[in-house]
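*Asks:* Take this structure first; my questions come after.
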Amino acid sequence: MGSTIFAVFLPLALALVMFGLGLTLAVDDFARVLRYPKAAVIALLCQMVLLPAVCLGLIYLFRLEGALAVGMLLLAASPGGPSANLFSHIAGGNVALNITLTAINSVLAVFTMPLIVAFAFSRFMDGDGSFGLRPDKFAQVFAIVLVPVAIGMWVHRRFTAWAERMRGNVKILSIVVLALVVLAAVAKNFSTLTENIGKLASLSLLFAVISLAVGYFVPRLFGIDADQAIASAMEIGIHNGAIAIAIASSVLHNGAMAVPGAVYGVLMNIPAAIAAFLLARYVRHERPAPMSSATAT
């Protein structure tokens, strides 16, 4: 009975989170990439290519195996989480770029996640590498990730005033739902969590720190402005653990694969908050306060 409730509740909970994301998006958010082409391309390449490679290296370093290794790679392939915009705002990042990256990332993840799952299964589960490419699995990922977003965008376009009023409430509700999803995944797989908590906690914290560092310093190396690099850091450093949990439980039907997403979903807030604080101080230091009229004269 508990498993049935979890199987039904989890997709509905994630649908609400992704619907809330859709309420914040418009078609212009996808077109806005033309304003930040260099920053967007670098951030997306880091997110889709570099971070899965980093995650794979950490999996080998911590000797993670089987379903937990697949779950960690599934997390690395997930798009940015809903709290990325909030942390970016606190840190002084370009939130418009965050919204653009979230929109594009959510679409691309539908195609990249099955590929990474296929690789992870073939490497860590001794399974058929085509598993993640099966049309029925692809359709499920599409339904979980994109359909609620599309509905939210349609509501935003059709009932703009209502969407603007409800945006804050839906965001708060989404955060609560995310917390419940994480708690439910932990409760359902508590023995797996307790047996591997040391490895998973250390790996999740290190992966979050590296993701934030990659997201900020790689764009800066290519001459991207600080506010755009901050947006990139938060988008890349804050993965959507709820998507990883939902796909592991509802699409792949493996509760153990949901555990890394649950652990990361809690612990990533620590380095994200520290990074936001430090970057906010850096931005204030780099941007001199405007001179008063008395000083100017």
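The values are calculated or read from the model by the stated rules, or taken from the named source; none is laboratory data. Note that the coordinates shown come from a computational prediction; the quantities given were computed from them, not determined experimentally. Neighbour counts are summed over all protein chains in view; Cβ atoms, including those assigned to glycine, are modelled from backbone coordinates with ideal geometry. Surface areas here come from the heavy atoms of the whole protein model, side chains and all, with no ligands, DNA or RNA. Shrake-Rupley method; radii C 1.70, N 1.55, O 1.52, S 1.80 Å.
*Asks:* Would it be correct to say that Tyr60 is over 17 Å from the mean Cα position of the chain (by Cα) and closer than 22 Å to Arg220 by Cα?
*Replies:* Values: over 17 Å from the mean Cα position of the chain (by Cα): yes; closer than 22 Å to Arg220 by Cα: no.
Here the answer is no, as Tyr60 does not meet what is asked.
*Asks:* Restricting the first residue to the range 48-60 and requiring it to be in contact (Cβ under 8 Å) with a residue 12 or more places away in the chain, which pairs with a second residue that is open to solvent by less than 40 Å² (accessible area, probe 1.4 Å) and not in a helix (DSSP H, G or I) meet a Cβ separation below 7 Å and a spacing of at least six or different chains?
*Replies:* Between residues of the range 48-60 that are in contact (Cβ under 8 Å) with a residue 12 or more places away in the chain and residues that are open to solvent by less than 40 Å² (accessible area, probe 1.4 Å) and not in a helix (DSSP H, G or I), the close pairs are Pro52/Ala77.
*Asks:* Collect the residues in the range 163-180 that are β-branched (Val, Ile, Thr) and either in contact with a strand residue (DSSP E or B) (Cβ under 7 Å, 6 or more places away or on another chain) or within 16 Å of Leu25 (Cα to Cα) (or both), keeping them in residue-number order. Spell out the reasoning first.
*Replies:* Our first condition is that a residue be β-branched (Val, Ile, Thr); within the range 163-180, this holds for 170, 172, 175-177.
Of everything in the range 163-180, just one residue is β-branched (Val, Ile, Thr) and either in contact with a strand residue (DSSP E or B) (Cβ under 7 Å, 6 or more places away or on another chain) or within 16 Å of Leu25 (Cα to Cα) (or both), namely Val170.
*Asks:* Could you check, for the range 116-126, whether at least one of its residues is assigned to a helix (DSSP H, G or I), under 24 Å from Ala229 (Cα atoms) and out of contact with any Cys (no Cβ under 6 Å at 6 or more places or on another chain)?
*Replies:* First, pick out the residues of the range 116-126 that are assigned to a helix (DSSP H, G or I): 116-124.
Restricting the remaining residues to those that are under 24 Å from Ala229 (Cα atoms) gives none.
No, the conditions are met nowhere in the range 116-126.
*Asks:* In addition: Just to be sure I understand, how many residues within the range 52-82 are surrounded by fewer than 22 Cβ atoms within 10 Å (Cβ to Cβ) and assigned to a helix (DSSP H, G or I)?
*Replies:* Going through the range 52-82 one residue at a time, the tally reaches 9.
*Asks:* A follow-up question, please. In the range 164-198, which residue that is surrounded by fewer than 16 Cβ atoms within 10 Å (Cβ to Cβ) and among the charged types (D, E, K, R) is modelled with the highest pLDDT?
*Replies:* Taking the candidates together, the pick is Glu195.
*Asks:* With (1) touching a residue at least 40 places away in the same chain (Cβ under 8 Å); (2) open to solvent by 20 Å² or more (accessible area, probe 1.4 Å); (3) closer than 20 Å to Leu101 by Cβ; (4) among the small types (Gly, Ala, Ser) as the list, and Ala233 as the residue in question, which single condition is left unmet?
*Replies:* Of (1) touching a residue at least 40 places away in the same chain (Cβ under 8 Å); (2) open to solvent by 20 Å² or more (accessible area, probe 1.4 Å); (3) closer than 20 Å to Leu101 by Cβ; (4) among the small types (Gly, Ala, Ser), only one is false for Ala233: (2).
*Asks:* Would you point out which residue out of Ala187, Ala109, Ala201 is over 17 Å from the mean Cα position of the chain (by Cα) and in contact (Cβ under 8 Å) with a residue 60 or more places away in the chain? If you could, list the steps in order and put the result at the bottom.
*Replies:* On the way: Ala187 fails: in contact (Cβ under 8 Å) with a residue 60 or more places away in the chain; Ala109 fails: over 17 Å from the mean Cα position of the chain (by Cα).
The match here is Ala201.
*Asks:* Turning to a different aspect of this structure: Take the conditions surrounded by fewer than 23 Cβ atoms within 10 Å (Cβ to Cβ) and out of contact with any helix residue (DSSP H, G or I) (no Cβ under 9 Å at 6 or more places or on another chain) and apply them to Val49. Does it pass?
*Replies:* Values: surrounded by fewer than 23 Cβ atoms within 10 Å (Cβ to Cβ): yes; out of contact with any helix residue (DSSP H, G or I) (no Cβ under 9 Å at 6 or more places or on another chain): yes.
Yes.
*Asks:* Can you tell me how many residues in the range 205-246 are more than 12 Å from the chain's Cα centre (by Cα), among the acidic types (Asp, Glu) and part of a helix (DSSP H, G or I)?
*Replies:* Count: 1.
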